[in-house]
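What follows is a single structure, written as structure tokens, with notes after it.
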Amino acid sequence: MITVTCAIVEKEGQILIARRAKGQKQEGKWEFPGGKVEDGES
């Protein structure tokens, strides 16, 4: 099983999103910040 997390960060009506860098899978696409969580990580 792979555990992942994601955050939707909103401040003053604006939402934080990131654009995937060139050379990464799905480059140029927009995403919310997040990633994999290792076993035992909190």
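Data for the structure
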item: Region 1-19, residues that are charged (D, E, K, R) and either at pLDDT below 95 or touching a Phe, Trp or Tyr at 6+ places or on another chain (Cβ under 8 Å) (or both); result: ARG19
item: Single residue of the chain satisfying the filter (in contact with an Asp or Glu (Cβ under 9 Å, 6 or more places away or on another chain) and either of a type in the set (Phe, Trp, Tyr) or assigned to a loop (DSSP other than H, G, I, E, B) (or both)) that is surrounded by the most Cβ atoms within 10 Å (Cβ to Cβ); result: ARG20
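Listed here are the residues, each with its yes/no results for (1) of a type outside the set (Lys, Arg); (2) within 10 Å of the chain's Cα centre (by Cα).
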position: THR3; (1), (2): yes, no
position: CYS6; (1), (2): yes, yes
position: ARG20; (1), (2): no, yes
position: GLY35; (1), (2): yes, yes
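The values are calculated or read from the model by the stated rules, or taken from the named source; none is laboratory data. Values in this document were obtained by computation on a predicted structure and should not be read as measured data. Virtual Cβ from ideal backbone geometry, glycine too; neighbours counted across all protein chains shown.
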